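Engineer: Before anything else, here's the structure in question.
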């Protein structure tokens, strides 16, 4: 299912290819999760979406992830590596153009990083790619109310950075990367990043996230994580089906 694990002759003669690009970030995710949490989540979403599409006979592949992202909200914390929004936009546009030259029909973005700088950059980039005409591009933007409503209560509240939502996914996907002892000691931080962004607060610290997390990580479970990944995969697959008509 991974594009980068196939030899070039394996792509010969394939029509109507679908490519899914995971988009993560390298940023602080509390004292219990790795800085690459968003990459793990984006790759899980992409993998599950592609699995569903391939079961339906669609030639779909997961591309190598873009791990770096604009992350100004977390930039005050050690380990965060934030890039310029225009750098991300240029990278996604260039990947889309390269895929178009290979005859790819649909490029789907699987993004798990919700810094306002990331979301606005992707929306603008998608519009430019759509104007170019190829490939068709889909971006199931999980910050849109219609999609957020299908996810967990914590996600809908906006208090979902390294909380129950993201920690559950890591427990399902990469439990070896979760510091469970640290997680068990973390109290709930009921800070909505949606409300913080609307209020113009520029950083996690300013929003009241002194340890770079919000929500309730101690309540996380691998079972919930598997359910979330399944839902994310279906969201992605549904968007691609619509693009394929």
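Since every read-out is calculated from the coordinates, none of them should be taken as a lab result. Keep in mind that this is a model prediction, so the values were computed, not measured. Every residue, glycine among them, receives a Cβ derived from its backbone with ideal geometry; neighbour counts consider all protein chains shown.
Engineer: Pairs of alpha-carbon atoms within less than 8 angstrom and 6+ residues apart define the contacts here; what relative contact order does the chain have, in percent?
Structural biologist: Reported relative contact order: 25 percent.
Engineer: Could you state the orientation-averaged shadow area of the convex hull built on the Cα atoms of the chain, in nm² to one decimal?
Structural biologist: Projected area, direction-averaged: 12.6 nm².
Engineer: I'm a student and want to see the number: the projected area of the Cα convex hull of the range 1-124, averaged over all directions, in nm².
Structural biologist: Averaged projected area of the range 1-124's Cα convex hull equals 8.0 nm².
Engineer: Turning to a different aspect of this structure: Could you grab the relative contact order for the range 180-245? Cα pairs under 8 Å, six or more apart, rounded to a whole percent.
Structural biologist: Relative contact order here is 34 percent.
Engineer: Further question on the same structure: In Å, what Rg and Dmax follow from the Cα atoms of the range 113-245?
Structural biologist: Values for the range 113-245 (Cα only, Rg and Dmax): 16.4, 51 Å.
Engineer: Working from Cα positions, state the angle (0 to 90°, nearest 10) between the long axis of helix 85-101 and the longest principal axis of the chain.
Structural biologist: Here the helix axis deviates by roughly 20 degrees.
Engineer: On to the next question. Relative contact order of the range 126-166, please, whole-number percent, based on alpha carbon pairs below 8 angstrom and at least 6 residues apart.
Structural biologist: 20 percent.
Engineer: For a footprinting-style exposure proxy, rank 32, 113 by other Cβ within 10 Å, fewest first.
Structural biologist: In increasing order of surrounding Cβ atoms, one gets 32, 113.
Engineer: Find the centroid of the Cα atoms in the range 1-60 and in the range 160-204, then give the distance between the two in whole Å.
Structural biologist: Spelled out, the Cα-based centre of one part sits 23 Å from the other.
Engineer: Any chance you could list P(r) for the range 152-192, counting all Cα-Cα pairs in 10 angstrom bins from zero, rounded to whole %?
Structural biologist: 29, 52, 18
Engineer: Need the full-extension length gain, residue 56 to residue 151, defined as separation in residues times 0.36 nm minus the C-alpha distance. One decimal, nm.
Structural biologist: Answer, rounded to one decimal: 31.8 nm.
Engineer: Run through every distinct alpha carbon pair of the range 80-186 and return the Kirkwood hydrodynamic radius in angstroms, one decimal place.
Structural biologist: Mean inverse Cα-Cα distance, inverted, gives 15.9 Å.
Engineer: Using only DSSP helix segments of four residues or longer, with each worth -39500 (n - 2.57), what per-residue ellipticity at 222 nm results for the chain after dividing by its residue count and rounding to 500?
Structural biologist: So the calculated ellipticity at 222 nm is -13500 deg cm²/dmol.
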